Amino acid sequence: MARTTVVIASRNRADSLLRTLSRLSELAVPVILVDNASTDDTVSRVRNEFPNVLLLESAVNRGAVARNLGVQAARTPFVAFADDDSWWAPDAIERAEPIFDEHPDLAVIVAHTLVGPAEEPDPITPLLRHSPLGEGVAGPAVLGFLACSAIVRRQAFLDVDGFSPVLFFRGEETLLSWDLAAAGWALCYVEDVVAHHHPAAGRAPGEDVVERRNALLAAWMRRPLASALAASLKDPKAFRAALPRLRQALRQRRALPEHLEAQIRAIAQQPRGA
């Protein structure tokens, strides 16, 4: 029986999504697609071309939180996330499952992500490979990941309530990483587990501001107030973007353990050109 389910959240990206589903169909694992209220022909095409995919239709666009619905619906102990433009190497899941078995305190395996037709390592790779947190239970210990190349222990994900609706989308992985670590779970980068990511060229307008907004919201939700205030003063544009969500964020505020805050500071001091 399969022990890992692939969960995808998608909206209005039918062509890219179907290419991904074709790749994933080569794996002997169940796939759950959460459609984020698409207005194109995503739903009909998936039903016709991939009837074995469990399709969950959301009436509204839930952003990253749609993945939570997929994890809740999964019936396997592990969940591998994919985006509608990413997929897993043929042996990735069979490599990951024994690692989870060997390390019961491991919540997330962060994969080695190869980007585009040239299969270049994602720019985040050096930061993961040379993490200042040192060696963890199954590889370099990390406090962040790309959702499209992460495999999670389902119960750990559910225990911390998954992705936060406050952040909606972009950079949502950071807060989840902090919450898992605060709950005592380990997150590790594993070079031999590989994911492929073929994103569209360029970034949508405003994406950078949304990422910075979410970084500030995460800071207000978990980090010392002085740190959150300093970061907000440093980036007034992102802070203005965060203001409509700030009250909701503060209602969910809880401080991180001091050792974890120290790790976050260590990561922040990494050279950005690494």
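The values are calculated or read from the model by the stated rules, or taken from the named source; none is laboratory data. This is a predicted model, so every value here is computed, not measured. Note that we place each Cβ from the backbone using ideal geometry, even for glycine, and neighbour counts take in every protein chain shown. These area figures cover heavy atoms from the full protein model, side chains too; ligands, DNA and RNA do not enter into them. Shrake-Rupley method; radii C 1.70, N 1.55, O 1.52, S 1.80 Å.
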Pairs needed: first member in the range 66-80, crowded, with 18+ Cβ neighbours inside 10 Å; second member anywhere, of a type in the set (F, W, Y) and assigned to a helix (DSSP H, G or I); C-beta distance under 8 Å; at least 6 residues apart or different chains. V71/F157; F78/F100; V79/F157
The one condition in (1) closer than 20 Å to L180 by Cα; (2) outside any strand (DSSP E or B) that D84 fails to fulfil: (1)
Breaking point among (1) under 21 Å from the mean Cα position of the chain (by Cα); (2) of a type outside the set (V, I, T); (3) under 22 Å from F145 (Cα atoms), for A73: (3)
Might you check whether a residue that is in contact (Cβ under 8 Å) with a residue 40 or more places away in the chain, open to solvent by less than 10 Å² (accessible area, probe 1.4 Å) and outside any helix (DSSP H, G or I) occurs anywhere in the range 126-141? yes
Note on the range 22-62: residues open to solvent by less than 30 Å² (accessible area, probe 1.4 Å), in a loop (DSSP other than H, G, I, E, B) and over 23 Å from A89 (Cα atoms) are A37, S38
Which pairs turn up if I take residues in the range 47-63 that are under 26 Å from S164 (Cβ atoms) and look for partners that are assigned to a loop (DSSP other than H, G, I, E, B) and open to solvent by less than 40 Å² (accessible area, probe 1.4 Å) with beta carbon separation below 6 Å, at least 6 apart in sequence or on another chain? S58/A37; V60/A37; N61/A37
If I ask for residues that are closer than 23 Å to T76 by Cβ and buried (at least 24 other Cβ atoms within 10 Å of the Cβ), which ones from the range 157-171 would you list? F157, F163
Extreme residue, least open to solvent (accessible area, probe 1.4 Å), among residues of the range 81-102 that are more than 25 Å from L69 (Cα to Cα) and among the charged types (D, E, K, R): D91
